[in-house]
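See structure below.
The values are calculated or read from the model by the stated rules, or taken from the named source; none is laboratory data. Remember, it's a predicted structure, so these values are computed and weren't measured experimentally. Because the Cβ atoms are built from the backbone with ideal geometry, glycine has one as well, and the counts that use them run over all protein chains shown. Keep in mind that these areas ignore ligands, DNA and RNA; they rest on the heavy atoms of the full protein, side chains included. Shrake-Rupley method; radii C 1.70, N 1.55, O 1.52, S 1.80 Å.
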Amino acid sequence: MLTHSLDHGVLVVTVHRDPGVGGRAALLGKIGDLVHACRPAPVVIVLDNAATDGAALSVVLRVHRLCSGLGILMSVATGSAPARRVLEANADTSGTRLVIHARTDTAVSAAFAAAA
């Protein structure tokens, strides 16, 4: 369902498919554990095309609240324009801003530059 790596000090988590409602808590737990283990590294969540449905987007928004509470910069990269619009419309605006990109390389570069 997901893979992760560190790219120039940025935690990159790729979600390969939507977890469905039943898998949402497990995915949130896995990503949350990675965020805690790698903090204070910035986080980029990459959503593959098969991971742009409601449950995956809900997890991304919850991880954003977690990162915001920890003071960690978080970005999302997805080629899906509808998913980007949903994330932008529903992102929590009370903490650290959710940065949304169409390309993974742009998201990682921007996160690396912001953390420097």
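Here are some notes:
- Karplus-derived 3J(HN,Hα), 6.51/-1.76/1.60, for each residue of segment 88-100, Hz, glycine and proline x: 4, 6, 10, 5, 5, 9, 7, x, 5, 5, 7, 9, 10
- Only protein heavy atoms count here; under a 1.4 Å probe, HIS36 has an accessible surface of about 90 Å².
- Nonlocal amide H pairs with HIS4, under 5 Å, H built at 1.01 Å: THR14
- Option label - P(r) over Cα pairs in 5 Å bins from 0, in percent computed here, alternatives (1) 2, 13, 26, 27, 22, 8, 1, 0; (2) 2, 11, 21, 22, 18, 14, 7, 3, 1, 0; (3) 2, 12, 21, 17, 13, 10, 9, 6, 5, 3, 1, 0: (1)
- Taking other residues whose beta carbon is less than 14 angstrom from the beta carbon of ASP33, and scoring Lys, Arg as +1 and Asp, Glu as -1, yields +3.
- Atom-type composition of the exposed protein surface of the chain places 53 percent of the accessible area on carbon and sulfur (1.4 angstrom probe).
- Distant-in-sequence amide H partners of THR96 (H built 1.01 Å from N, under 5 Å): none
- This model, with +1 at the C-beta of Lys and Arg and -1 at the C-beta of Asp and Glu, gives segment 1-73 a dipole about its Cα centre of some 220 debye.
- Expected 222 nm ellipticity per residue - DSSP helices of 4 or more, -39500 (n - 2.57), all of the chain, to 500: -16000 deg cm²/dmol
- Most positive-pole-ward Cα, ALA107, LEU11, LEU87, against dipole of the chain from beta carbon charges: LEU87
- Structure remark: mean-square fluctuation, Gaussian network model of the chain, C-alpha springs under 10 Å; the largest value among THR52, THR106, THR96 belongs to THR106.
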